[in-house]
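Note sheet for the following structure.
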Amino acid sequence: QVQLVESGGGLVQPGGSLRLSCAASGSSFGIYVMEWTRQAPGKQRELVASITNGGSTNYADAVKGRFTISRDNAKNTVYLQMNSLKPEDTATYYCNAVRGIFRAWGQGTQVTVSS
């Protein structure tokens, strides 16, 4: 099993930046595909970005060119660099570890984009 703890959320003005971190413990971090998902009030959870253990990345159209996902397998950590933030990016952001049908969740970190 793997345990995930997100950090780095907060309040930021439109156009600003935040970097989210997700620290993993308890299992072999490198075997998992890591994802960031988000859920805004009244909306369905959506995939924001993912990164394979080989470093291949995938992004939702809404964040392409603004967000960057990365991972440091030596530190068991995945990051989400978020630039040019918009009010519609406001959501709770979750880190996920995926391997086959197994999916682990973190507790989430709140990101609020508002002036």
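Observations on the model:
- Per residue, the chain exposes 51 Å² of solvent-accessible protein surface, assessed with a 1.4 angstrom probe and all protein chains in place.
- Within the accessible area of the chain, the carbon and sulfur atoms contribute 47%, probe 1.4 Å, all protein chains present.
- Kirkwood Rh in Å, taken over the chain so that all alpha-carbon pairs contribute: 14.0 Å
- Cα gyration tensor shape of the stretch 1-66, rounded if a/c is under 1.5, else prolate or oblate by comparing a/b with b/c: prolate
- 19 Å Cα-Cα reach of LYS64 towards aspartates and glutamates, excluding residues that sit fewer than 8 places from it in its own chain: GLU35, GLU46, GLU88, ASP89
- Treating each Cα of the stretch 72-115 as one equal point scatterer and applying the Debye formula with no solvent, the log10 of I(q)/I(0) at q = 0.14, 0.29, 0.30 Å⁻¹ comes out as -0.46, -1.10, -1.12.
- Amide proton proximity set for PHE67, modelled H, under 5 Å, gap of 5+: ASN83
- Taking Cα centre as origin and charging only the Cβ of basic (Lys, Arg, +1) and acidic (Asp, Glu, -1) residues, the dipole magnitude of the chain rounds to 80 debye.
- The length gained by stretching the chain between GLN13 and ILE101 to full extension, at 0.36 nm per residue less their Cα-Cα distance, is 27.9 nm.
- Vicinal HN-Hα couplings computed from phi for the stretch 6-23 (Karplus, 6.51 cos²θ - 1.76 cosθ + 1.60; Hz; Gly/Pro x): 8, 7, x, x, x, 9, 9, 7, x, x, x, 10, 9, 10, 8, 10, 9, 9
- Reach of LYS43 by Cα under 17 Å, taken over lysines that are not fewer than 8 positions away in the same chain: LYS86
- Whole-number percent relative contact order across the stretch 67-113, with pairs defined as alpha carbons under 8 Å at least 6 apart: 31 percent
The values are calculated or read from the model by the stated rules, or taken from the named source; none is laboratory data. Everything numeric here is computed off the predicted structure, so don't read it as measured data. Reconstructed Cβ throughout: ideal geometry from the backbone, glycine too, with neighbour counts over all protein chains shown. Only protein heavy atoms, including side chains, enter the accessible area calculation; ligands, DNA and RNA are left aside. Shrake-Rupley method; radii C 1.70, N 1.55, O 1.52, S 1.80 Å.
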